[in-house]
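For reference, the structure discussed in these notes is given below.
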Amino acid sequence: MHALIEDLVPVTVPDAAFERRLARVVVPFGWTELSASTWDVLERCAAAPRDRWPGVVDAWLREIADRAALAVAEIELLGDVRELLRVKLVPTMPPDERNGLVCVPAGRYFDALIVIDHPKYGAPLTRKRADLLQLGDLGYVVPKTHERELAGIRPEPWPLSPQDRALAYRKPGSPYVSALLTELGRLLPDPHPFGALVAVPSFDTLLLYPIRSRAVLDVIPAFTDAVAALQAEADEPCSGEVFWWHTGDLSPLSESRTRKALRIQLRGRP
């Protein structure tokens, strides 16, 4: 079988190489390469009469050539897509929406969605596209997003009442500020012994309120109103939920158990 593949590769896919030791066909292009394991064609041949094997192998190689052509077209359209990848934290999506996308849970209430940042062809990265372009380990996308999109953001005071201010991290028009949810421990000024109120009313705005005393219980309504107002006026609204961030976890204040847990934490505090 491998001898047959070796004979047909130069004819059907002239730009490809057959790596017998690794049992794969490789087509290099642009900044990457398309590789296809021979296990697939071996299974196809096992299900076909021997006299049909040349046709089965030829059809398989033509599929590889077609995929390579699609990948080349993608590169011509986008350039080096690795430089365009960003992570966007979105409220947890229903399974039918996240199927087919490169997306992983980021805690209980958000998903980390990989997107292609392009002014004309920007879109969530699909698993099909990632496979086509041989995009493997994407762990570098998170630090790249922080470096390219979020490095210069500084907090600004956000009025809640005449005496209370929240901290607002904003980058108008950017869809990536929500990714700062992964950096809350670094963003919050000390002290914050009881965590913080957290909200992402829009993808370009993160709102924080460090909790230092029981006074936060009187601030929560004003904080919630500010979140609702920001979400209502946003071009890209994210979430209207107010969370309590404590010991690294987010808990929604819309749940009675969260409010109870917060009061217990603050019991006996000034």
(request) Using 0.36 nm per residue of separation minus the Cα-Cα distance, give me the extension gain between residue 163 and residue 148 in nm, one decimal. (result) 1.9 nm
(request) Run the quick spin-label model on residue 35 and residue 19: label points 7 Å from Cα toward the beta carbon, then report their separation in nm to one decimal. (result) 0.4 nm
(request) Note down the nm distance, to one decimal, between modelled labels 7 Å out along Cα→Cβ at residue 93 and at residue 257. (result) 2.8 nm
(message) I'd like the FRET efficiency for residue 70 and residue 267, computed as 1/(1 + (r/R0)^6) with the beta carbon distance as r and R0 of 45 Å, rounded to 0.05.
(response) 0.15
(request) Would you please classify the overall shape of the stretch 158-219 from the alpha carbon gyration tensor, given that a ≥ b ≥ c denote the square roots of the eigenvalues, rounded means a/c under 1.5, and beyond that prolate means a/b larger than b/c while oblate covers the rest? (result) oblate
(message) Given the options 70, 159, 138, identify the residue whose Cα lies farthest towards the positive end of the charge dipole of the chain (+1 on Cβ of Lys, Arg; -1 on Cβ of Asp, Glu).
(response) 159
(request) Over the stretch 210-270, with every protein chain in place, what whole percent of the accessible area is carbon and sulfur at 1.4 Å, could you tell me? (result) 47 percent
(request) Using a/c under 1.5 as the rounded threshold, could you call the stretch 59-203 rounded, prolate or oblate? The axes a ≥ b ≥ c are square roots of the C-alpha gyration tensor eigenvalues, and prolate needs a/b larger than b/c, oblate otherwise. (result) prolate
(message) Students often forget the sequence filter, so: which lysines lie under 26 Å Cα-Cα from residue 88 once same-chain residues fewer than 8 apart are removed?
(response) 120, 128, 144, 171
(message) What are the membrane-span-like helices in the chain by this rule: whole DSSP H runs, Cα extent along the axis at least 24 Å, mean Kyte-Doolittle hydropathy at least 1.0?
(response) 216-233
(request) Run the quick spin-label model on residue 43 and residue 228: label points 7 Å from Cα toward the beta carbon, then report their separation in nm to one decimal. (result) 5.4 nm
(request) Using a/c under 1.5 as the rounded threshold, could you call the stretch 198-237 rounded, prolate or oblate? The axes a ≥ b ≥ c are square roots of the C-alpha gyration tensor eigenvalues, and prolate needs a/b larger than b/c, oblate otherwise. (result) oblate
(request) Can you figure out the FRET efficiency of residue 217 with residue 190, using R₀ = 22 Å and their beta-carbon distance, to the nearest 0.05? (result) 0.55
(request) Could you pull the accessible area for residue 35 with a 1.4 Å probe, rounded to 10 Å²? (result) 40 Å²
(request) Enumerate the amide H contacts of residue 93 below 5 Å, restricted to partners 5 or more residues apart or on another chain; note that Pro and chain-start residues carry no placed amide H. (result) 111
(request) With a 1.4 Å probe and every protein chain left in place, work out the accessible area per residue of the stretch 1-78 in Å², rounded to a whole number. (result) 58 Å²
(request) May I ask for the net charge around residue 169, where only other residues with Cβ less than 9 Å from the Cβ of residue 169 are counted and Lys, Arg are +1 while Asp, Glu are -1? (result) +2
(message) Going 7 Å from the Cα of residue 4 along its beta-carbon direction, which residues of the stretch 30-61 have the amide nitrogen within less than 14 Å of the resulting point?
(response) 38-61
(message) For the chain, take N as its residue count and report Rg(C-alpha) divided by 2.2 N^0.38 Å.
(response) 1.39
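The values are calculated or read from the model by the stated rules, or taken from the named source; none is laboratory data. Small disclaimer: the values here were computed from a predicted structure and weren't measured. All Cβ positions, glycine included, derive from the backbone under ideal geometry; neighbour counts span all protein chains shown. Calculation scope for accessible area: heavy atoms of the full protein, side chains included, ligands and nucleic acids excluded. Shrake-Rupley method; radii C 1.70, N 1.55, O 1.52, S 1.80 Å.
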